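Asker: The structure is given below, and queries will be raised subsequently.
The values are calculated or read from the model by the stated rules, or taken from the named source; none is laboratory data. Nothing here was measured: the structure is a model prediction, and the numbers come from that model. Positions of Cβ are backbone-derived with ideal geometry, glycine not excepted, and every protein chain shown enters the neighbour counts.
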Amino acid sequence: MGKIKVGIVGTGSISNYHMNAYRNNADAEIYAVCDMNAERAAAQAAAYGAPQVYTEYAAMMADPHVDAVSICTWNNTHAPFAIQALEAGKHVLVEKPLCMTVQEALEVETAVLRSGKQLQIGYVRRYDPNAAMLKGWIDEGELGGIYYAKASCLRRLGNPGGWFADKARSGGGPLIDLGVHIIDLCWYMMGRPKVKSISGNTYKKLGLRSHVQGLTFYKSADYDNQSNTVEDMANALIRFDNGASLMVDVSFTLHARKDETLVRLYGDKGGLEIDPEVLLVSEKSNTIVTLTPQTDHASFDADRAFQNEIDHFITCCRENRAPLSPIQDGVEMMKILCGIYESAEQGKEIVFG
C-alpha cells in the first residue's frame, strides 16, 4: 500500500497541528488543502507541499486521489462534512466536538456504519503519552474502582471571539470548546460508563471583556468585540449508571486570579492527578504516599499528542483498525454536552433512559 493521501479542510490554527503531524508521518502525504478563503488555502498548500488546492469541499470529495480527510472547520460543519466524506469513500479524522447535536451524532454514526470507513474523533488528550501511561495504571488496578472525578478548565480572560463566540457556528462556548477535552479525558479514564443523569448550569454575565487592558489572549481570525452569543461559564454534575460521578466547571471568562486546569480521579485504592501535573496518591504499608513518575513531560504536550493522534489515524486507515476515539464515543459525549446545556436551559436534572 502506498501513502495515505490526505485532504485538509479548514486552515485555522488547529490545522497546523494536523499538517505538521502528517508531514512527520512517513505513510502519509498532504495531498490537498481546502478552505473557502482561496488565499489562505494556497498559502497552506505551499507551506506543506500539497499539490492540490480547493475552495469547494464537494470538489475535494470528488477527487479520487484523496484517501482521507482531516476536518478542521467550524463545529456546525463537522457532521455534514464528515457524512459527505464517508459517502465519498474517505476515512475521516474530525476535530472535537464531533458535531453540535445528538441527532447529528447519530446521523454520522449511521454514515460510518454504512460506509465501512474509519472515523476518528480528535479527542487529543487520549493520545498524550501520559494518558496512555495512566490508563495502564488504571487498567492494572492502581486506583481500584473509580467512583469520583473532578475536572476544571477555567480561563479568567480567554473568549477567542469570532466563530467561537457565535453559537450558530460553535454550538456553545467554553463547555463545548474546552469542556469536551476534560470531560472526555475523565470519562475515558473512568472506563466510559453510560451517562445516567446530568444537572448543569450555564452563565452569561461578563461577555467578551474586550475593554480589559494589560492582558493578551488568543483571538480568532474573525474576532469581533461586539458579537458574543455563548455562555461565559458552565458547570455540571454528571452521574453514571455504575454509580460514579463527575463534577466539571469551565469558563472563557471569570473573575479569577489566574487561569487554572485540573483533572483528578479518585478510586477506592488510590487517586490520580493528571493536570496540572501527573501524580498518584496511594497507600503503602499503612502509609499514604504520593508518587510522581519520571517522564519527559510532567503535563500535557500538545505536539506529541497530536503526532500520536495522526499516527494512530493513519495506522487505522492502512490496517482498517477501529480507532481509540471511535464514533460511538462521540455519540455518548454529545449526550453529555447537550445534556448539560439542556439541564441549564430547563433548570432541572436531565435523566437518561
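Results for (1) surrounded by fewer than 23 Cβ atoms within 10 Å (Cβ to Cβ); (2) modelled with pLDDT under 95; (3) among the hydroxyl-bearing types (S, T, Y), shown as yes or no for each residue.
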{"position": "A149", "(1), (2), (3)": "no, no, no"}
{"position": "L157", "(1), (2), (3)": "yes, no, no"}
{"position": "A165", "(1), (2), (3)": "no, no, no"}
{"position": "A168", "(1), (2), (3)": "yes, no, no"}
{"position": "P174", "(1), (2), (3)": "no, no, no"}
{"position": "G179", "(1), (2), (3)": "no, no, no"}
{"position": "Y188", "(1), (2), (3)": "yes, no, yes"}
{"position": "K194", "(1), (2), (3)": "yes, no, no"}
{"position": "I198", "(1), (2), (3)": "no, no, no"}
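Asker: Taking into account only those residues within region 87-97 that are over 17 Å from E342 (Cβ atoms) and buried (at least 24 other Cβ atoms within 10 Å of the Cβ), which is nearest to the chain's Cα centre (by Cα)?
Answerer: V94
Asker: Scan V69, V108, V112, V53 and give me the residue that is part of a helix (DSSP H, G or I), touching a Cys at 6+ places or on another chain (Cβ under 9 Å), at pLDDT 95 or above and not acidic (D, E).
Answerer: Result: V108 is the single residue among V69, V108, V112, V53 that is part of a helix (DSSP H, G or I), touching a Cys at 6+ places or on another chain (Cβ under 9 Å), at pLDDT 95 or above and not acidic (D, E).
Asker: What single numbered condition from (1) out of contact with any helix residue (DSSP H, G or I) (no Cβ under 8 Å at 6 or more places or on another chain); (2) part of a loop (DSSP other than H, G, I, E, B) fails to hold for S282?
Answerer: That leaves (2) as the condition not met.
Asker: Return the residues of region 107-154 that are within 21 Å of T73 (Cα to Cα) and in contact with a Lys or Arg (Cβ under 7 Å, 6 or more places away or on another chain); say none if nothing qualifies.
Answerer: Listed by number, the residues that qualify are K117, I121, G122, Y123.
Asker: Then there is this: As an exercise: evaluate Q84 against (1) under 19 Å from E104 (Cβ atoms); (2) over 18 Å from the mean Cα position of the chain (by Cα); (3) among the polar types (S, T, N, Q); (4) not in a helix (DSSP H, G or I) and give the number of the one condition it does not meet.
Answerer: Failing condition for Q84: (4).
Asker: Also, quick follow-up: Cβ-Cβ below 9 Å, separation at least six or inter-chain, first residue in region 146-165 and over 21 Å from M100 (Cα atoms), second assigned to a strand (DSSP E or B) and among the basic types (K, R): which pairs?
Answerer: Pairs that qualify, where the first residue is over 21 Å from M100 (Cα atoms) and the partner is assigned to a strand (DSSP E or B) and among the basic types (K, R), are Y148/R264; A149/R264; K150/R264; A151/R264.
Asker: Picking from D241, D232, which residue would you name as being loosely packed, with under 15 Cβ neighbours inside 10 Å and over 18 Å from the mean Cα position of the chain (by Cα)?
Answerer: D241
Asker: For residues in region 129-144 being of a type outside the set (A, V, I, L, M, F, W, C) and farther than 12 Å from G271 by Cβ, which is surrounded by the most Cβ atoms within 10 Å (Cβ to Cβ)?
Answerer: Among residues in region 129-144 that are of a type outside the set (A, V, I, L, M, F, W, C) and farther than 12 Å from G271 by Cβ, the one surrounded by the most Cβ atoms within 10 Å (Cβ to Cβ) is N130.
Asker: What's the total number of residues in region 204-216 that are among the hydroxyl-bearing types (S, T, Y) and exposed (fewer than 14 other Cβ atoms within 10 Å of the Cβ)?
Answerer: Selection size over region 204-216: 1.
Asker: So S152 clears everything in (1) of a type in the set (S, T, N, Q); (2) outside the structural domain of A344 (by TED's automatic domain parsing); (3) out of contact with any Phe, Trp or Tyr (no Cβ under 8 Å at 6 or more places or on another chain) except one condition, right? Which one?
Answerer: Failed condition: (2).
Asker: Taking A149, is it in a strand (DSSP E or B), out of contact with any Pro (no Cβ under 6 Å at 6 or more places or on another chain) and either more than 30 Å from A298 (Cβ to Cβ) or of a type in the set (A, V, I, L, M, F, W, C) (or both)?
Answerer: For A149, the condition - in a strand (DSSP E or B), out of contact with any Pro (no Cβ under 6 Å at 6 or more places or on another chain) and either more than 30 Å from A298 (Cβ to Cβ) or of a type in the set (A, V, I, L, M, F, W, C) (or both) - is met.
Asker: Of Y17, Y57, which residue is in contact with a strand residue (DSSP E or B) (Cβ under 6 Å, 6 or more places away or on another chain) and surrounded by 21 or more Cβ atoms within 10 Å (Cβ to Cβ)?
Answerer: Y57
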